[in-house]
Amino acid sequence: MRAEDLGTLSDVLFYLERCGVKKDEAAAIIERVFCWGVSAAMARQEFRPLPADAPELDPAQSAQLSLLTKPPPKKKKTNGAVMVKRSIPDDFLLNDSRSQYATERGFSGQQTREMFDEFRDWYRKTGKRWSDWEAVWRDWVRRQIGKINDRTDPIDRRLS
């Protein structure tokens, strides 16, 4: 059953009773669900299969119920590791390898420190979440190179 199919309180109550939930518990669940929003609750709540002694369902109801009892999709894996997006870690500091990456691309030590401070401040301020912060840092450095080139091109053309 999809959230769109649960239009009224009696639909939800009937569904919960079919799943073997007692009336009092079902009423409490319905109260919480409708305060929360049916679609949000359907997305968050795990549904258990019907008990063995539940009444028979017609084929359409069985098809809808099977959609709910499927396991949730697996998280994205890369090289066997689950990639979880997270905010920039507090311990993500300018270390030798990060500094060297920027230095190899033409930035001085002072420029690298300033760029890294800007990088950390921007991601803390925006709350963006990524799974690989090393890659985000490398991308930031490459984008800074592009910004510098964009700024210098018109001037270089005027001087020549």
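Yes/no matrix, rows are residues, columns are (1) surrounded by 14 or more Cβ atoms within 10 Å (Cβ to Cβ); (2) part of a helix (DSSP H, G or I); (3) touching a strand residue (DSSP E or B) at 6+ places or on another chain (Cβ under 7 Å):
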position	(1), (2), (3)
Pro89	no, no, no
Phe116	yes, yes, no
Ala135	no, yes, no
Gln144	yes, yes, no
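So that you can scan it fast, the table gives a plain yes or no per residue for (1) of a type in the set (S, T, N, Q); (2) modelled with pLDDT of 90 or more:
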position: Lys76; (1), (2): no, no
position: Val84; (1), (2): no, no
position: Phe92; (1), (2): no, yes
position: Gly146; (1), (2): no, no
position: Asn149; (1), (2): yes, no
position: Ser160; (1), (2): yes, no
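The values are calculated or read from the model by the stated rules, or taken from the named source; none is laboratory data. All values derive from a computational prediction rather than experimental measurement. Backbone-built Cβ (ideal geometry, glycine too); neighbour counts: all protein chains shown.
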